[in-house]
Each structure stands twice: as structure tokens, then as C-alpha cells.
Amino acid sequence: MNVISTHIGQPVSRIDGVAKVTGQAKYAAEAHPPGMLYGVVVNSPIARGRIETIHDAEARQVPGVIEVMTHLNRPHAALFEKSYMDGLGVPGVPYRPLHDGEIHFNGQPVAVVLAETFEAAREAAMVVRVDYERWPHNADFEVALHQKYMPSKTRSNYVPPKPRGDAAAAYALSAVKIEGRYHLAPEHHNPMEMHATTAIVEDDGTFTVWDKTQGPQAVQAYLASALSLSKDQVRVRNPYVGGAFGSGLRAVYNVFLATLTAEMLKRAVRVTLTRSQMFTHAFRPEAVMDIALGASRDGTLQSMIVKGVTDTSRFEHNIENIVIWGLINYKCPNATADYKVAPRDTYTSSDMRAPGAATGVNLLEMAIDEMAYACSMDPLAFRLHNYSDIDAMHDMPLTSKALRDAMAQGAQHFGWHDRSMMPGSMRDGRELIGWGMATGIWDAMFSPTSARARLGQDGRLHIATAASDIGTGTYTILAQTAAEAFGMPLDRIDVELGDSTLPECPTEGGSWTAASAGAAVWLACLSLRRKLIDMLARSENAPPWVKQDTVTLEGGILHDMTENGPVSLSLPDALSLAGYDALEAEETAKPGLRGKISQMRKARFTHSAVFCEVRVDPELDTVRVTRLLNAVAAGRIMNPKTAASQIRGAMVMATGMALHEESLMDERVGRFMNHNFAEYHIPAHADIPDMDVLFVNEHDDEVSPLGVKGIGEIGMCGTAAAIANAIFHATGRRYRNLPIMPGA
Amino acid sequence: MRSFSYSRPTSFEEACRNAGHTRFLAGGTNLIDLMKSDVERPAHVIDIKSLPMHHIADRPDGGLHLGALVTNADTAAHPLVVERYPLLASAILAGASPQIRNMATNGGNLNQRTRCHYFYDPAMACNKRSPGTGCAARGGRNRIMAVLGTSDACIATFPSDMCIALAALNATINLHGPDGERTVGVRDYHCLPGDTPWRDNILQPGEIVTAIDLPPAPFGPHHTYLKVRDRLSFAFAIVSVAVGLCMKDGRIERGSIALGGMGTKPWCVPHAEALLEDQLPSHSLFRDVAERLLHGAVADRDNTAKIRLAPRVIERALWQAAIGTPQSQTDKAIR
Ligand SMILES: Cc1cc2nc3c(=O)[nH]c(=O)nc-3n(C[C@H](O)[C@H](O)[C@H](O)COP(=O)(O)OP(=O)(O)OC[C@H]3O[C@@H](n4cnc5c(N)ncnc54)[C@H](O)[C@@H]3O)c2cc1C
Ligand code: SF4
């Protein structure tokens, strides 16, 4: 698509920014329907067992308490496990809140207290006592590793590793080898906004459910199915979402419990999780990767053997793509990989920002750095030497890969060429300085999406799709897209998102929203514009010049040049002349849109090169990240401001992955123990330096209709490795476990 | 949080009179958190903010009097504190965040409770929170727990930064109780857990901390507060060290040193400090001091790193103090 950019590509500030900073943007827990009850969830302190008795008499005595709902007195919900399947399609038996008395994981909801005030509900929740019969459990990852398996049914996005050559033989023959076990601790998403739902029973008996989710239509489908309702009885709204990072991909138990209790009590119900309860559902799995690399003396990779395991629950098989990335991204004649999951008695691990790649790319890129050093090669030169221009695993061409440019421009900006190769050779006083780099790769996905464009009498263009803006800037880039496609000033565009009744859009995740919803909006706007001009052409009242095919729509006004000079027509006038109050068009963008079948046979990825400087006090084990630079090749950048903000946010999160974040599992009880923000450390301001983000030019009109690849996740991939590699360069010590903490 | 009654008395007499299951409320940054987590369950909350304990004043001996209700932020920024007790200002600034320090009071800081994960989580066994239930931190995830002064009953770290400096400064705590006033040295204020881990300190029921008195501290530039933690700000200490040295012509006349993050209370060892008397700074001297300070340290499952790190942090802090280059709390580089 040939986009002449007046709006697309401009660094526009968020159009929803003012609403957010002035508190006018309402989040899921901020709807205040009349007569609303507050629900507080009671969670299990044991990992496995059965509820024997629930003592709720004391709780019921707390003034204001209306009901204590448990599996014993809950209203009818769907019986079948498959009714609780959600859009993510994790194989297994989905967890069914308050279904029966069996405990599957520590933190499982066992009761919801409903009261007239939040205070009463919370107090009563504290006095609900539950007796359990305890069954043996295992929550120890090391033990679970012995039970690792490959599920017979996988998730649809799973990419099985495809071996090539004879990796074992080539490894044995390699002149230079490295081998090691790399480990990543489990992490929790911890978006700023807690998961929350306000479920409202409307007068006609239907439900309006304000939920913190990444997919209103997915939650709508889930609720309808789990509560045996029809879809048109449930409307799910999430116009604003305070971050999610994947924790809102699946329906969280609060949405089920709020809607179920609202149905039972015929009153509005709000259920908000606490920060502690944010540690009772989705989390990034703990992972190990056994990596063996072989190379010839000149630094040519000869063999790559990657074996990875991530944890899952006992009832579902969560699967991630952690082992494939090196096989795709590096030219290496012999490569093999193996992937399994290890079951433990916890809730099911889940997608968290760049699921699979954040784990697999970072751990592999740490090994690649070791290999570069084993070959006595500069880590950047080593990567260039083994660069693949194709998807080396599938032997498939790529729609584009400007990683070489990203490496070159990143290195130049960072000053990489001044680096001394020797670890421990750069020092400032007591601090050792280290420079490390890594590359990143992430899918460039596209998903069929619909959008509607509507021109009203007020001369404003209204855009609607059921996409979610989880804080990424979707409102803004869709407005820019519409402005560009329709020829409209930005301030005359309204964007409506986050409502299950709007045109279909897949759950926000995987960085596909910009490419997919963007394309749908583009098409809808072009279609609306065509419709308007056609209608005018057919209208008897319209002046003759608008019937010329030279008529243009620019700045929200129809123009043309006639022999008598320029003429113009405002949009409201145009609508009246055409005989309409409003005009509307809806379109669906599909990947094959441009008729280029070739793209089906091409692989598509986003790439990046990350450079990092750390300062380490080798005696005290303190690490300061003093510089971070990410050079990203992600196709067309819709808005460099919101895009850079996404990359920076991901680099902060990856700094947490490298140095701070770890959910501490107490295996004895199967509980994550540091379930608060004082002890679950995300980076503080002091941990984050000024960060540079570069977007390299990457023209790719095959990857998606607008040439967009998406940038929500690539910033995670490689950044943690660049930090770990910089620590090696500073100290000469290899750390193979993330996060790297003092005393490690 | 459970229902409680609330009062805001204006006299000590009234405030101290309340017996029964009460808690004093100052800034609330610790107490309210604990009530929300169902760890503290007072039936009655006595807000002490109307009591006259809001002043910082000169003392006749050249020391300083810090009211219990002065906030941590105001204390650290007070010109007399900055001038005479930069060690204290530095330790306060090493802790928490500006927002919390704006609310937190000196009395509350002294009485803040441990950050032990198991103490904070009523689903877990904890002798400090629920006497006699056991100590789930033993054998659990205890990277942040203490290695000094622990007992079978409890290994909880005393978390404050400010109090570590107060211990090095040999402050005196002023108390007002139902039976009148008394004072106690800060080093004797906090209790070892022993087999009574629910007792954090020597406060008697109804007793209020009214002020902290600081004796003169003739350290000049020879002091430091050095804190190693799991992120560069807004995290409790893994190991912290407060040092003040009286130096003359390059010699240490005497020194004062306290450890944070390591002990079940601010950790001071007088015969380690005695080693410093009338000595020239040297690696071997500082190593000996560290060794004596850490004597008897025992790690549990996850916290051996503390024992490995501590000697290096102690030695570095002693050097910083000896050379007269105190650790900056804004520049995160450790010199
Ligand atoms: C996220 C977080 C991070 C933190 N990080 C740090 C850190 O790095 N370093 C650090 O040192 N601290 C840290 N703190 C703790 C903080 O310093 C304390 O919460 C604060 O000092 C408590 O003071 P307050 O006035 O708010 O006390 P409150 O919460 O009001 O009271 C705390 C306790 O002291 C008692 N009390 C208060 N005043 C008196 C008095 N005058 N007499 C008798 N008893 C009294 C109360 O009854 C209560 O038991 C952190 C706190 C939080 C929440
Ligand atoms: S260490 Fe102390 S505070 Fe922590 S669980 Fe044990 S008894 Fe409780």
C-alpha cells in the first residue's frame, strides 16, 4: 500500500493522554453502578487437596455482608470443562472457579464474600475459615524436570523445532565448543492496574461487564459459554487497560466470579484483585535451556543443540516457543532442538510479553556470546559471520530482515568499535565497565480484523473496532491511520475500542494489533471515502465538480480545481447533499489482502540489536546499567513516539528480567512468597539509565497490508542477554541464571 | 483489614492510658499495610499525631533532639541534621522512597516490623505474628532473612536503615508510659528473638517513643552509610553498614559501627569496635573488625550470600569513612 505520510509515521502524542492523566479515563474498577456489591476473594493456602469444611458463620455476621459464595452454594454454571476454554487455547482441562472442592493450586479461589461495602467484604473474607484435606503436591521445578513431557495436543501457535544436518556428530567434531544449562526464574506480569471486573445486570437481564482484559470478545465468549448464556446477553467493555503484558490474555477468575455472583444476586458486583492476588494466576514459566554450540576455529557455527523445558500446571499444558529462535536466526548447517514441559501443582504458566522469545532468545544470546569468546571473536562480528538471510530452520525466505542495518547503526551510535575485547579491561576507579550486545527476534504477526468507519453530521469521523489499547498507543495510531486514509485532521477523529459489540478484533497480544487493526481501519476509511464520493456523484443536488474524478478529500474537506478556481465542500454539507445523516463502512483486513500469495511462503519477523553498558563493583556485586541502546527493524513505524515508548518499556522489563525480577516459589507449600511490590522487585528509576531507541529503515510491503510489523514485544528479546553479556565483559564471570543478583 | 475503633488523644496521659489490644498510629506506612494484610489486628488505633513530638531542637551537650513525629524526610533535610549528623541523613535517604519518607516518622521507623515474607502472609506459620505456630521462613525462601542474632523460633531481619545509623551514633530513645518517662540506649532498644520473637523491642504496653536524642558525633567527614540491596533504590538492605570514625592525623582514635540487613536487630559488637581504637587504617585491621562483627553468623537455605558479601561491604565502608568520602545516596556509584 502506497502510503503518503502526513499522519502515519508522525510522532503524535497519545490522543487519550489527557483523559488518562486527568482521571477521566475509566478503568474496570471505576464503574459505579447503583447498588453495587463488593466481592473479595478468599484464596487457598494449600497447593493440592480438598475442601473439607467452610466456616463462614463469622463472616456472615459482619455487618453489610450479603453472601459468602463457595462451590457449595454457587448457582449453576456450565458443567463441561470445555465450556471454560478461552481464546488462548491452552490444551488440557481449564480451571473452573468454585466448581468443586478440589484444590489444584495454591491461591485458588475458594470463596467470594459479597458485601455492601468493600471494607465489610474484606473484613469478612479475612474471617472465612476453611479446613482442607491436604494431598501431596510438587511445586519444585527441579523435581518437575524429571517428569517432563511433550503434550500430545499443542497450542496452535506452537512451532515444532525442525532439525537440520547431524547436530550431534557436528558437535563432536567441532574445534570449539561450549555447553551449559541456562535458567530463567518465574516472573509475574504485574501491570500497574490490578485485575478487576465490574459486572452490571441491566434491566433487560443482560450483562455489561467492565473487565481488565486484552480481549473483550474473548471474555464475552468465555462468559457466555461458562455461564450458559447467549453471546448477546453479555457485553464486555475495556476501553482503558492499565497494562497487562499478557496477564489479561485469558479470562482471570475475577471476571467469572463477578459475573456469576451478579447473576445470582441480581445486583452489580465488583471484584478487584489485590497485588498479592496478582500472584495467584498467570506468570511467565520458569525455564531451563541446555545449550551446546560447536564452531570451527574461524568462528563458523557448525552445530547448535538446544533443549528447553518450561513449567506448566498439572491440569493444562502451557507451551512456549523457546528453543527455535537460534535455529531460525543463525546460519548453522547442523542444528537440533527439543522442547518439553514440566508439570507442577501451580496455576498454569502463561504468556508474558514476548512469550517464548523473551526466555529463549535471551538465554540463547548469552550462549552465543560465550561462543564468540570461545572463538576469540568480537560478539558483533561473530553474529555477522553467522548471519542468516533466510529463516534457516524452515529454509524459507523472509519478507525482510534489516538486522544487519540494526547491528551497524546500533554499533555506530553506541561506539561499539571502541570496545576492548578483553573482559575486565575497562575500568573507572573501583568499577569495572562492560559492554555487551545481543540480537533480538520476534514474530511479525497478523490476524484478521474488522473495523468500522462512520462519518457523522458533525463532520467527525468515528472509528470502531473491538481492539484493546492496553497502554500501547492503539487509540493514537488508529486515529493516525484513519486521518491518513480518509484525509481528515486528527482532531476530528474519534476512536472507540474495547467493547465486545464493536467489529471483530482478536485479543490484543503478540504485537499484531498495529498491523492488523491498522489495516482494517485503513480499509474501512478508504471504503467510506469511496462511498461518500460515489453517493455524491449519484446525488442530483451535488455541484458538478464533485463528480470529477479529480476531486480530493484532504484536511476533512472535499476540494477540486475548476477553471473558475478552487472549490471546496465541507463534509457535513457533502453528507446533506448526498442525502444522508451519516455514512458508514466496515471492512475486514486479511493477511492475503494484497493478493500476494508469496507471503504465505515467506517467514516474517521483527529484529533488533541491543547494546548495553554496565558498571560493576566486583567486590560488592553491584551492577549498574549505565547505557542501553536498542536498534529495531520493525517495518513501517506508525508513530515513532509511541513505538519508542514501547521499546523503552520493554527494555525496563528486560532489565528486571536480567537483574531483579523473580517470583520466589516456596515449594513446600507451592506458593510464591514475595507477593507484593516491596519484595517483588521491578526496576526502580535508579536502575534505568537514559535509553536510546533507533528504528532502522525497513520497507516491507509483504509482511502486512500497511508494511507494519508491531513493536510491543521485540524490546524484551535480547535486552536481558545484552546486560548479562555486558556483566561478563566487565567481570570475566559468566552468569547463566537470570536474574543476576548480589551474591549470585 | 478488620474493624477497629479510633481515637486521637492530645495528651500523653490519655494516649498511654489505653490498655487492651491497641496500636499507635504515626505515619501509618507500616501499620496500615500490616492491617490490610491482616497481620496486625488492633481493636483500637490510637493516632498519636496530635501529641507534641514534632520538633527538632538543640541539646545542651551539643547533641540534637529529634521528635518522634518528625517525618523521615524532614529529619534528613533538617539543617542541623545535615550539618552535624550527615550519617543519619544519609541512612534515612538510603531507605524507602521519597513518598514513604514524607509520611514515615522517626518513631514509626524505630518500631517498624520485619519484612519477612512469612510474617506478612497470614496463611503461613510465623512465631512472630502468631506465637507458637512455627517459623516458615526456616527452610523457606529466606534470602532476605537474618544471619546474626537468630534463634530457632525466628530468623527475621530488622529492616530499618535509619536505626543502623542511630546505633552507630549511640542514640538514646525517650519513652513515655503509664508509669512516667524513661530512656534507653538504642542498642538496647530492640530485642533478639530468642524464644519470644513476638517482642520486637522493649516497649511496654501503653509506652510511646517521644524522641530520639543524639549525642555529639565528632566524626567530621569520617563516616558513611553503605547499603547493598537487590535494586539500586527502594529496596531493603541485603547488607548495610553505618560507620563513624574519630580520626586524628590519619589515625583512628575510636570508631563506631553497626550492621543492617544482617541481624534480627541493629547489629553492633563492642569488641569489634574496640579493635579500631588508636589504630591506623589497614586492610588487615578492617578484615579483623569484619570478622568480629560477623562472628557467629549462620545462614539458612537462601541467605549464604549475605555472609559472603558482608565482609567486603564492611571493609569498603570502613575505607570510605577512613578516607573521608562518605557514600552518596544520589549517585549510585559506590566509591
Ligand atoms: C515499600 C516500602 C519500602 C520501604 N523501604 C524501607 C527501607 O528501604 N528502609 C527503611 O528503613 N524503611 C523502609 N520502609 C519502612 C518505613 O521506613 C517505615 O514504614 C516507616 O518508617 C514507619 O513509620 P510510620 O510513621 O509510617 O509508622 P507507622 O506505620 O505509623 O507505625 C509503625 C509501628 O510503629 C509504632 N509506632 C509508631 N510511632 C510510635 C511511637 N512514637 N511510639 C511507639 N510506637 C510507635 C506503631 O504502633 C506501629 O507498630 C519501607 C516501607 C515501605 C512501605
Ligand atoms: S523468621 Fe520470624 S517473622 Fe519470619 S516466619 Fe519465622 S518467626 Fe515469623
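Before moving on, here are some points about what is shown:
- All positions within the range A:122-143 that are more than 13 Å from chain B (Cβ to nearest Cβ), open to solvent by less than 30 Å² (accessible area, probe 1.4 Å) and in a loop (DSSP other than H, G, I, E, B): A:ASN138
- Taking the criterion of being polar (S, T, N, Q) and either open to solvent by less than 30 Å² (accessible area, probe 1.4 Å) or at pLDDT below 95 (or both), the residues of the range B:23-77 that qualify are B:ASN30, B:THR71, B:ASN72, B:THR75.
- Residues in the range B:289-321 that are over 14 Å from B:MET145 (Cα atoms), away from chain A (no Cβ under 13 Å) and open to solvent by 10 Å² or more (accessible area, probe 1.4 Å): B:GLU291, B:ARG292, B:LEU294, B:HIS295, B:GLY296.
- In the set A:ASP204, A:ASP211, A:ASP232, only one residue is acidic (Asp, Glu), more than 30 Å from A:CYS375 (Cα to Cα) and touching a strand residue (DSSP E or B) at 6+ places or on another chain (Cβ under 7 Å); that residue is A:ASP211.
Here is a yes/no grid of residues against (1) crowded, with 24+ Cβ neighbours inside 10 Å; (2) within 27 Å of A:ASN318 (Cα to Cα); (3) of a type in the set (S, T, N, Q):
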{"position": "A:LEU184", "(1), (2), (3)": "yes, yes, no"}
{"position": "A:MET192", "(1), (2), (3)": "no, yes, no"}
{"position": "A:ALA196", "(1), (2), (3)": "no, yes, no"}
{"position": "A:VAL219", "(1), (2), (3)": "yes, yes, no"}
{"position": "A:ALA224", "(1), (2), (3)": "no, yes, no"}
{"position": "A:SER247", "(1), (2), (3)": "yes, yes, yes"}
{"position": "A:ARG267", "(1), (2), (3)": "no, no, no"}
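- Residue check for B:PRO9: in contact with a Lys or Arg (Cβ under 8 Å, 6 or more places away or on another chain) and either in contact (Cβ under 8 Å) with a residue 12 or more places away in the chain or open to solvent by less than 10 Å² (accessible area, probe 1.4 Å) (or both): no
- Here the condition is being in the same structural domain as A:GLY180 (by TED's automatic domain parsing) and open to solvent by 10 Å² or more (accessible area, probe 1.4 Å); of A:CYS375, A:CYS332, it holds for A:CYS375 alone.
- Test: B:THR150 is within 16 Å of ligand 2 (Cβ to nearest atom), over 26 Å from B:ILE208 (Cα atoms) and of a type in the set (Val, Ile, Thr): yes
- Residues within the range B:277-288 that are within 14 Å of chain A (Cβ to nearest Cβ) and buried (at least 19 other Cβ atoms within 10 Å of the Cβ), tallied: 1
- Residue in the range A:694-701 that is among the acidic types (Asp, Glu), within 16 Å of ligand 1 (Cβ to nearest atom) and at negative phi present: no
- Only one of the listed residues (A:MET422, A:MET407, A:MET437) is open to solvent by less than 20 Å² (accessible area, probe 1.4 Å) and under 22 Å from A:ARG734 (Cβ atoms). That residue is A:MET437.
- Matching residues, the range A:673-694, being surrounded by 22 or more Cβ atoms within 10 Å (Cβ to Cβ) and at the interface with chain B (Cβ under 9 Å from one of its Cβ atoms): A:MET673, A:ASN674, A:HIS675, A:PRO683, A:ASP687
- Picking from residues in the range B:52-77 that are away from ligand 1 (no atom under 16 Å from the Cβ), under 18 Å from B:GLY220 (Cα atoms) and not charged (D, E, K, R), the one that is farthest from the chain's Cα centre (by Cα) is B:GLY62.
- Criterion applied to A:CYS505, A:CYS525 was being assigned to a loop (DSSP other than H, G, I, E, B) and closer than 16 Å to A:ALA589 by Cβ, and the one residue passing it is A:CYS505.
- Criterion: within 28 Å of A:TRP416 (Cβ to Cβ) and of a type in the set (Gly, Ala, Ser) - qualifying residue of A:ALA337, A:ALA342, A:ALA292: A:ALA292
- The residues of the range A:702-740 that are more than 24 Å from the chain's Cα centre (by Cα) and open to solvent by 30 Å² or more (accessible area, probe 1.4 Å), listed by number, are A:THR731, A:GLY732, A:ARG733, A:ARG734, A:TYR735, A:ARG736.
- Hey, A:SER83 of a type in the set (Gly, Ala, Ser) and either at pLDDT below 95 or over 29 Å from the mean Cα position of the chain (by Cα) (or both) or not: yes
- Pairs are defined by a Cβ separation below 7 Å, a sequence spacing of at least 6 or placement on different chains, a first member in the range B:98-118 that is within 14 Å of another protein chain (Cβ to nearest Cβ), and a second member that is within 16 Å of ligand 2 (Cβ to nearest atom) and assigned to a helix (DSSP H, G or I); the pairs so defined are B:ARG113/B:LEU34.
- The range B:128-147, residues that are within 16 Å of ligand 1 (Cβ to nearest atom) and open to solvent by 10 Å² or more (accessible area, probe 1.4 Å): B:LYS128, B:ARG129, B:ARG143, B:ILE144
- Subset of the range B:108-127 [open to solvent by 10 Å² or more (accessible area, probe 1.4 Å) and more than 16 Å from ligand 2 (Cβ to nearest atom)]: B:GLY108, B:ASN109
- Any hit, the range A:406-415, residues being within 20 Å of A:VAL703 (Cα to Cα) and either not assigned by TED's automatic domain parsing to the domain that holds A:ASN321 or not in a strand (DSSP E or B) (or both): yes
- With respect to the conditions (1) within 15 Å of the chain's Cα centre (by Cα); (2) among the hydroxyl-bearing types (Ser, Thr, Tyr); (3) away from chain A (no Cβ under 14 Å), B:THR157 lacks only one, and its number is (3).
- Among residues of the range B:221-240, those that are more than 11 Å from every other protein chain (Cβ to nearest Cβ) and open to solvent by less than 10 Å² (accessible area, probe 1.4 Å), counted: 3
- Among the residues of the range A:629-670, those identified as among the charged types (D, E, K, R), touching a Pro at 6+ places or on another chain (Cβ under 7 Å) and within 14 Å of chain B (Cβ to nearest Cβ) are A:GLU661, A:GLU662.
- None of A:ALA451, A:ALA466, A:ALA485 is outside any strand (DSSP E or B), touching a residue at least 24 places away in the same chain (Cβ under 8 Å), open to solvent by less than 10 Å² (accessible area, probe 1.4 Å) and touching a strand residue (DSSP E or B) at 6+ places or on another chain (Cβ under 8 Å) except A:ALA466.
- Condition met for A:VAL12 (surrounded by 19 or more Cβ atoms within 10 Å (Cβ to Cβ) and not assigned by TED's automatic domain parsing to the domain that holds A:VAL110): yes
- Residue match in the range B:159-167 (condition: closer than 29 Å to B:THR75 by Cα, away from ligand 1 (no atom under 13 Å from the Cβ) and either modelled with pLDDT of 95 or more or among the basic types (Lys, Arg) (or both)): no
- Elements of type strands (runs of 3 or more DSSP E) in the range A:184-299, at least 1 residues being among the charged types (D, E, K, R): A:207-211, A:234-237, A:269-272, A:287-295
The values are calculated or read from the model by the stated rules, or taken from the named source; none is laboratory data. The shown structure was predicted, so the numbers you read here are calculated from the model rather than taken from an experiment. Reconstructed Cβ throughout: ideal geometry from the backbone, glycine too, with neighbour counts over all protein chains shown. Areas reflect the complete protein model, heavy atoms only, side chains present, ligands, DNA and RNA absent. Shrake-Rupley method; radii C 1.70, N 1.55, O 1.52, S 1.80 Å.
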